[in-house]
Each structure stands twice: as structure tokens, then as C-alpha cells.
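Peer 1: Just dropping this structure here.
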Amino acid sequence: DLPYAGLSFRSMYLTIEYSPQIYTIFTSMFIHAGFAHIIGNMLVFFFIGTALEERIGSKKFIIIYLLSGICGALVHSLTDLGSSIPLLGASGAIFGIMGALVFAYPRDEVLMPLPVGFFMVLRRIKVVYAVLLFAIIETIIVFFDVQDQTAHFAHLGGLIGGFILAAILLKGRKTHTKEGKTLYYDSFTPQNNREID
């Protein structure tokens, strides 16, 4: 059994019979299947999530994060309604952060760990290219129905959800920069672009 399996979400919880377990759509975002799972998510979250939060403020960031995670879980569930297979991890929410970032700051650059041969190296890459790379990989995996015990539909659902949520929440707010800027996690002082909560 997975650790904390009772906190993971299952598609069958969307039925009336199991509806009291619907709260797991939230709790499942905060548990992971193992060390590698959480480290992988946190690396992407660190490089992309920090950049977005500093730009749009914590309140909007949390809203996008949580609702994107829910979107991911719902899209995943639609592909296998009534399933008892547990869904856990923050990937859907993190892909939502990617979707929001590409909506708001597509030309800006982020540091991203990218695979080069057998190694992961840090590269500066435009947000639009980084997110497009992830989206293409996920789409290919879904198209070829790769069975790797990963909820790829949740990733795509979160990505689309984050993009739409950013379009709604950031409407009328200046986001796009004329020329892309590099977004580093430690370079946001004096935080001219930060929204005060």
C-alpha cells in the first residue's frame, strides 16, 4: 500500500456513494508516492512557482495552485470514471502554475533543469518554450497511451486549468513584458512587480 493512501483521491469519489471522500481532491495534492516523486515536483515548483508567486502575489498564486490541482484531478477522472486507483501528488497543480506563467509572462526566462543525455543541467529558457516542451511531452505520452503509472491527463488538465485561471484572475493587469526578462528565484528585490496582498 502507498503511504497515506487514505488521503489520495480516486475517481470513484465523484459518485454519490463515495462522495464523503471528496475532500481527498485537496489532500491528494500534498502527499507523494516517494522521495523521487516529491523531489521532481519540488524542483519544477521551485524554479517556476517562485517566479510566478513573486509576480502576482500569494493569494492569486494559491488560488491558481489549488484550483489547477482540482482541474487536473477532474480531467484525469473523466478518463476513467469509477476507478479505485489512487491519484496523489502535486503535479496537476504544478502544471497549472506553468499554464499561468506562460499566460502571464511567455517571453520571460526561467532557470530550468533540463535533460542533456544522462544528466540534468540548468539552462535559461523562455517560459513559452519550457512550458511548450512539457506540454508536447505530455501530449505524446497521452497519444501513445504510455502506461507508466503517471496521471498524464491530470498534468494536461492542470496546465489548461492554470492558463484559464490566469486569464480570469489577471485580467486587466499588466503582465507581459515587451522584452523578456530573466526570472531568478533570488532576484526579485525590490519586487517592483509584486502585488501586495
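Peer 1: Would it be correct to say that Ser19 is over 17 Å from Gly162 (Cβ atoms), of a type in the set (S, T, N, Q) and touching a Phe, Trp or Tyr at 6+ places or on another chain (Cβ under 8 Å)?
Peer 2: yes
Peer 1: Residues being of a type in the set (Ser, Thr, Tyr) and not in a helix (DSSP H, G or I): count how many of those fall in the stretch 4-61.
Peer 2: Result for the stretch 4-61: 4.
Peer 1: Would you be able to say whether some residue in the stretch 96-107 is free of Cβ contacts under 8 Å to residues at least 60 places away in the same chain and open to solvent by 40 Å² or more (accessible area, probe 1.4 Å)?
Peer 2: The answer is no; no qualifying residue exists.
Peer 1: Still on this model: Would you check which residues across the stretch 123-134 are within 24 Å of Tyr65 (Cα to Cα) and open to solvent by 40 Å² or more (accessible area, probe 1.4 Å) and list them?
Peer 2: Result: Arg124, Lys126, Val128, Tyr129, Leu132, Leu133, Phe134.
Peer 1: Assess whether Gly49 counts as being touching a residue at least 60 places away in the same chain (Cβ under 8 Å) and open to solvent by less than 40 Å² (accessible area, probe 1.4 Å).
Peer 2: no
For every residue, the table says whether it meets (1) part of a loop (DSSP other than H, G, I, E, B); (2) of a type in the set (Phe, Trp, Tyr); (3) under 23 Å from Glu53 (Cβ atoms).
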position: Phe95; (1), (2), (3): no, yes, yes
position: Gly99; (1), (2), (3): no, no, yes
position: Val102; (1), (2), (3): no, no, yes
position: Leu114; (1), (2), (3): no, no, yes
position: Val128; (1), (2), (3): no, no, yes
position: Ile141; (1), (2), (3): no, no, no
position: Thr150; (1), (2), (3): yes, no, no
position: Ala154; (1), (2), (3): no, no, yes
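Peer 1: Ok, one more. Select from the stretch 70-91 the residues that are part of a helix (DSSP H, G or I), closer than 14 Å to Gly162 by Cβ and open to solvent by less than 10 Å² (accessible area, probe 1.4 Å) and list them in ascending order. Give the derivation first.
Peer 2: Pass one, the stretch 70-91, residues part of a helix (DSSP H, G or I): 70-78, 91.
With closer than 14 Å to Gly162 by Cβ added as a condition, the list becomes 70-75, 91.
Gly72, Ala73 - these are the residues of the stretch 70-91 that are part of a helix (DSSP H, G or I), closer than 14 Å to Gly162 by Cβ and open to solvent by less than 10 Å² (accessible area, probe 1.4 Å).
The values are calculated or read from the model by the stated rules, or taken from the named source; none is laboratory data. Given the structure is predicted, the values throughout are model-derived calculations rather than measurements. All Cβ positions, glycine included, derive from the backbone under ideal geometry; neighbour counts span all protein chains shown. We work out accessible area using only protein heavy atoms, side chains counted, and drop any ligands, DNA or RNA first. Shrake-Rupley method; radii C 1.70, N 1.55, O 1.52, S 1.80 Å.
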